[in-house]
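The values are calculated or read from the model by the stated rules, or taken from the named source; none is laboratory data. Since the model is a prediction, treat every value here as computed from it, not as a measurement. Backbone-built Cβ (ideal geometry, glycine too); neighbour counts: all protein chains shown.
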């Protein structure tokens with residue numbers, strides 16, 4: 001993936017501090033398989049947790065200075081790319097895109113959705129319209145997706161660390177997809193609907209929301225490719241591989257548990273690949289209606 005030399009977002013910050021952990025809240029949502037953690041918790045679960053939190057936060061945030069740190073710069077560029085694309089899409093629809101923030105944290109963080117640890121993985125909090133990303137995310141992606149810095153072979157130092165970039169960008173774009181859902185009012189509709197249905201139906205709505213975020217990530221990739229031609233050979237395979245490995249069915253099997261569709265909250269591997277691909281091939285938000293007849 002080509003990303004060096006482009007604008008970095010000014011909406012990326014670092015955070016230290018973090019308040020108390022909440023029993024049964026975000027910090028308790030731990031499931032088998034580190035790849036699940038890569039995609040974080042359901043944003044509606046996070047919102048419900050945030051509503052139950054009382055008291056102040058001890059979080060302190062500072063603007064990240066211009067750094068030579070590769071991962072930080074990568075995050076800034078990817079977030080800037082999402083800003084460019086979603087501004088364009090919203091403008092085409094006669095609306096205005098409101099940019100999310102992205103906070104890099106180490107170990108633990110407090111958000112409007114409550115406290116979270118690195119075990120939570122990347123997540124989006126609709127309460128403060130912020131994506132939260134632990135700095136161990138990149139290491140986990142490289143280790144658990146079989147991605148290494150020299151996987152692409154030749155290229156010397158210039159090529160070091162490039163393998164897997166697009167899989168990581170896909171994860172960030174997925175979380176930004178949840179932000180788009182918040183701006184469009186989709187998240188609120190889903191949250192309200194989930195309060196009025198059975199647990200199995202609520203889980204189904206969660207799946208539809210996650211699959212739409214996958215589709216939005218695909219739309220971003222297509223539109224960004226048209227804008228800056230950033231994709232390289234193997235990039236799409238990386239994202240498809242990532243989507244396929246974090247399906248509910250695959251993770252259930254990997255953990256030795258029973259595969260129970262009513263318990264799914266993110267979708268099967270096949271569904272996640274299909275919806276990301278649908279967005280990628282169309283580059284059109286209208287192709288991402290996972291909710292037809294569901295709400």
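Quick look at the values:
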item	result
Residue that is at pLDDT below 85, farther than 30 Å from residue 92 by Cβ and either in a loop (DSSP other than H, G, I, E, B) or touching a strand residue (DSSP E or B) at 6+ places or on another chain (Cβ under 8 Å) (or both), where the choices are 257, 244	257
Any hit, the stretch 203-210, residues being farther than 25 Å from residue 101 by Cα and more than 18 Å from the chain's Cα centre (by Cα)	yes
Single unsatisfied condition, residue 132 versus (1) within 24 Å of residue 191 (Cβ to Cβ); (2) out of contact with any strand residue (DSSP E or B) (no Cβ under 6 Å at 6 or more places or on another chain); (3) surrounded by 19 or more Cβ atoms within 10 Å (Cβ to Cβ); (4) modelled with pLDDT of 85 or more	(2)
Condition met for residue 291 (at pLDDT 80 or above, surrounded by fewer than 21 Cβ atoms within 10 Å (Cβ to Cβ) and more than 22 Å from residue 85 (Cα to Cα))	yes
Unique match (being out of contact with any strand residue (DSSP E or B) (no Cβ under 9 Å at 6 or more places or on another chain), surrounded by fewer than 20 Cβ atoms within 10 Å (Cβ to Cβ), under 21 Å from residue 166 (Cβ atoms) and modelled with pLDDT of 95 or more) among 92, 84	84
Exclusive hit being modelled with pLDDT of 65 or more, over 16 Å from the mean Cα position of the chain (by Cα) and either in a helix (DSSP H, G or I) or at positive phi (or both), set 232, 238, 281	281
Scope the stretch 117-141; condition farther than 23 Å from residue 238 by Cα and assigned to a strand (DSSP E or B); matching residues	117, 125, 130
The stretch 116-129, residues that are farther than 20 Å from residue 166 by Cβ and at pLDDT 90 or above	123, 125, 126, 127, 128, 129
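One line per residue, one yes/no per condition, for (1) part of a helix (DSSP H, G or I); (2) modelled with pLDDT of 90 or more; (3) surrounded by 20 or more Cβ atoms within 10 Å (Cβ to Cβ):
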| position | (1), (2), (3) |
| --- | --- |
| 146 | no, no, no |
| 153 | no, no, no |
| 157 | yes, no, no |
| 161 | no, no, no |
| 181 | yes, yes, yes |
| 189 | yes, yes, no |
| 211 | yes, yes, yes |
| 217 | yes, yes, yes |
| 221 | yes, yes, yes |
